[in-house]
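Single-structure report; data block below.
The values are calculated or read from the model by the stated rules, or taken from the named source; none is laboratory data. Please read all numbers here as calculations on a predicted model, not as lab measurements. Note: ideal-geometry Cβ built from the backbone for every residue, glycine included; neighbour counts use all protein chains shown.
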Amino acid sequence: MPKTLRLLFLSWLTLTSLSLRANHLIGGELGMTYLGKPGQFRVFMKQHWNEDPNDPTRTTNESSLIVYVFSRRTNTYMEQISLRQTRNQPLIYQNPACAKANKLQNVEVTYEATYQFDVNLYNDPDGYYLVWERCCRNSDLINIANAGQAGIVLYLQFPAMRSNGQDIVNSSPEFSTAPGTYACLSQPFQLAFNASDPDGDQLSYRLVTPWSGYTTQTTTTGDRTPRTSYPTIRWQTGFGDNNVIPGAVPLQIDATTGILNLSANRTGLFAFAVEVTERRNGQVIGLARREFYLLVVDCSKSTLEPPIITRNNAPVQTVSLCPNDSLRLSVPTSATWAYQWQRNGANIPGATSATLNVRETGLYTVIKSSTGTCIRDTMSKPVQVNQSSTTVVFDSIPSMCDPSSPAVALKASPAGGQFQGPGISGTSFRPNAAGAGRHAIQYTFTDTSGCKITQQRIANVGQPIQLNVPGGYSILAGSKVTLAVSASNNQVRVQWSPPDGLNDIELLQPEASPQQSQTYTIRVTDPAGCTATASVPVRVFGQVSIPTAFTPNGDGLNDTWDLPGIGTYPNCEVTVYNRWGSVVFQSVGYAQPWDGRFRGVPVEAGAYAYQIRLGDDQNLYRGSLMVLR
């Protein structure tokens, strides 16, 4: 067993002259997240510490620190950024007993600040970098020569923020949470060391030689001095870039996934660094480095029986996850065992019980370890959780305008499911049973994996639209009238035709002023697409001129009593009386004007009374007429 990990006494330039005795720094990284405004970023540093609660030198981590910004092309100092501590969270171990036995209690400490850069200053196409330096490393490291005198450098490279007047949007890759972990001697070990990129840029990974930088035991923190490069650490004899942690499988990383693999043949504390490169359109635009320490311990040769993952008390290797649902995976329960569930090789935070509710697809395993003694933990066989591939299609249901509409045959696939909802009878929807309204209809299909997949459609059943319309209108030419129509549904769309003489063809009660008699038709449509129509006739009558005399003497001039405008009143009644009140002329309609005769004989010259009724409830016209010879 290696001795308790301990860092040297450190001092910080960012604090007061009161030095703090720090915990054991085992790695870290820098990052920048774009905040949606040109030049505005969340600048952060994550430091990984091992905090032994029994260490008498253990103290609180510093509350703030400073990082420096330089130009890549010229290494010119740009500015410094002060970060404050915002979070200190414990990291998860997959074998608590072994972690306790080795006094491992890792935490991730986050420092951050919201910082506004001047984008006009950050326009160099070669980009820029953030850097933070600290001395010294843990002297217990066995793969670095004179580790207790070597510094650590955290470094982040980022692109210009403006180019050719255009703002460049980019966030740096951010590593996943560093696990609290160790490797067992001669045992296969895998660790997710991947990063995510908010911009979707291509990421690739490689192991790189850690940097020692320019800090020393007397000058323990870096400053704003420009550097053309940063010195690397010196490997201890027997170690190197291709043999960082030796073994049957030396430490290696998958360039695409960022997964570390190892089967170590030597115990001890090892330092290593991973660099993730960020590419956009094939061009490198940035990179981030993570420093980390890994402890390899000689776990007991005794091993636990591997746990068997079950679902519904049956062992499984592949299961289907139902849409919008979860499934439960289980292993046997015992007070002497501890569990840590993993998804795609990474520990799931808080998943340490004998059951796991799964809501995401992926490859699931569980680590089983002893709660009382540090013996080799063991891993279950993986269970692949896939999304159910069954797709359910439920055709839309046509709208119905009347509950008395015929039943609608429902169509869905795959066949064999069940329809549910108001008005359902087998595979039909009966509007008379559901009644008017909007009805939710579900189709549920159960596939071979037991997933119940449901699709929903809405059946709209309308009520017949009732239109109340007047019998018609009669108006004089040049006047107007409101077509007083009402509908039983106030959400209808209206369309009148023809448009001639209407002030708005989409109003329920428009004003009509036709030049001649017209029958208007209204068509209304409700939200379900149901329609109703009706007609409103509007008769237009002209003004009637009534001469007070005429000369029926046969000279061809003014020989008949013409009534201009009377032709628009085909049902008018015209009556002429002599001075004794006897009718000498009477006509329904006035197609043939009076020629001054009574029973074919010319009447005497003189005054005659008349009465004209237009036949449409208009005013009655009376007056005196002179017959001249």
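Of note:
- Among the conditions (1) out of contact with any helix residue (DSSP H, G or I) (no Cβ under 6 Å at 6 or more places or on another chain); (2) surrounded by 15 or more Cβ atoms within 10 Å (Cβ to Cβ); (3) closer than 19 Å to Ala591 by Cα, the only one that Gly542 does not satisfy is (1).
Residue by residue, here is whether (1) over 26 Å from Gly437 (Cβ atoms); (2) crowded, with 17+ Cβ neighbours inside 10 Å; (3) hydroxyl-bearing (Ser, Thr, Tyr); (4) assigned by TED's automatic domain parsing to the domain that holds Thr568 holds:
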{"residue": "Gln491", "(1), (2), (3), (4)": "no, no, no, no"}
{"residue": "Val494", "(1), (2), (3), (4)": "no, yes, no, no"}
{"residue": "Leu502", "(1), (2), (3), (4)": "yes, yes, no, no"}
{"residue": "Glu506", "(1), (2), (3), (4)": "yes, no, no, no"}
{"residue": "Pro510", "(1), (2), (3), (4)": "yes, yes, no, no"}
{"residue": "Thr519", "(1), (2), (3), (4)": "yes, no, yes, no"}
{"residue": "Ile522", "(1), (2), (3), (4)": "no, yes, no, no"}
{"residue": "Asp526", "(1), (2), (3), (4)": "no, yes, no, no"}
{"residue": "Gly529", "(1), (2), (3), (4)": "no, no, no, no"}
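- Gly606 satisfies every condition listed in (1) out of contact with any strand residue (DSSP E or B) (no Cβ under 8 Å at 6 or more places or on another chain); (2) surrounded by 11 or more Cβ atoms within 10 Å (Cβ to Cβ) except (1).
- The lone exception for Ile259 - which of (1) within 40 Å of the chain's Cα centre (by Cα); (2) of a type in the set (Val, Ile, Thr); (3) surrounded by 20 or more Cβ atoms within 10 Å (Cβ to Cβ) it fails: (3)
- Verdict on Thr74 being over 15 Å from Ser172 (Cα atoms), surrounded by fewer than 16 Cβ atoms within 10 Å (Cβ to Cβ), at pLDDT below 95 and in the same structural domain as Tyr128 (by TED's automatic domain parsing): no
- Some residue of segment 391-401 being closer than 30 Å to Arg343 by Cα, polar (S, T, N, Q) and either touching a strand residue (DSSP E or B) at 6+ places or on another chain (Cβ under 8 Å) or surrounded by fewer than 19 Cβ atoms within 10 Å (Cβ to Cβ) (or both): yes
- Segment 205-299 holds strands (runs of 3 or more DSSP E) entirely within its bounds, and those carrying 2 or more residues that are touching a strand residue (DSSP E or B) at 6+ places or on another chain (Cβ under 9 Å), among the charged types (D, E, K, R) and at pLDDT 95 or above map to 268-280, 283-297.
- Of all the residues in segment 153-180, those that are in a loop (DSSP other than H, G, I, E, B), in contact (Cβ under 8 Å) with a residue 60 or more places away in the chain, in contact with a Pro (Cβ under 9 Å, 6 or more places away or on another chain) and of a type in the set (A, V, I, L, M, F, W, C) number 2.
- Arg613, sole failed condition from (1) closer than 30 Å to Ser399 by Cα; (2) among the charged types (D, E, K, R); (3) surrounded by 18 or more Cβ atoms within 10 Å (Cβ to Cβ): (1)
- Exclusive hit being of a type in the set (Phe, Trp, Tyr) and either more than 31 Å from the chain's Cα centre (by Cα) or in the same structural domain as Gln455 (by TED's automatic domain parsing) (or both), set Tyr339, Tyr364: Tyr339
- Any chance Ile475 is surrounded by 14 or more Cβ atoms within 10 Å (Cβ to Cβ), more than 20 Å from Thr525 (Cα to Cα), of a type in the set (Val, Ile, Thr) and outside the structural domain of Gly567 (by TED's automatic domain parsing): yes
- The condition of being in contact with a Lys or Arg (Cβ under 6 Å, 6 or more places away or on another chain) and either in a loop (DSSP other than H, G, I, E, B) or more than 29 Å from His48 (Cα to Cα) (or both) holds for only one of Pro349, Pro307, Pro323, that being Pro307.
- If you go through segment 349-391 and pick out every residue that is of a type in the set (Lys, Arg) and under 28 Å from Cys451 (Cβ atoms), you end up with 2.
- The test for being closer than 30 Å to Asn432 by Cα, within 31 Å of the chain's Cα centre (by Cα) and of a type in the set (A, V, I, L, M) does not hold for Val383.
- Among (1) of a type in the set (D, E, K, R); (2) more than 30 Å from Leu467 (Cβ to Cβ); (3) modelled with pLDDT under 90 - the single one Arg539 does not satisfy: (2)
- Applying a threshold of 6 Å to beta carbon distances and a minimum spacing of six or more residues, or different chains, the list of pairs starting in segment 59-82 at a residue that is farther than 13 Å from Val131 by Cβ and ending at one that is assigned to a loop (DSSP other than H, G, I, E, B) and at pLDDT 95 or above reads Arg73/Asp124; Arg73/Asp126.
- Of all the numbered requirements in (1) modelled with pLDDT under 95; (2) at positive phi, Asn194 misses one, and that requirement is (2).
- Subset tally (residues that are of a type in the set (S, T, N, Q) and within 39 Å of the chain's Cα centre (by Cα)) for segment 197-239: 2
- Glu291 crowded, with 20+ Cβ neighbours inside 10 Å and within 23 Å of Gln105 (Cβ to Cβ): yes
Let's see how each residue does on (1) polar (S, T, N, Q); (2) within 19 Å of Asn558 (Cβ to Cβ):
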{"site": "Gln586", "(1), (2)": "yes, no"}
{"site": "Pro593", "(1), (2)": "no, yes"}
{"site": "Gly600", "(1), (2)": "no, no"}
{"site": "Ala605", "(1), (2)": "no, yes"}
{"site": "Tyr621", "(1), (2)": "no, no"}
{"site": "Leu625", "(1), (2)": "no, yes"}
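- Members of segment 101-141 that are in contact with a Pro (Cβ under 8 Å, 6 or more places away or on another chain) and hydrophobic (A, V, I, L, M, F, W, C): Val107, Val119
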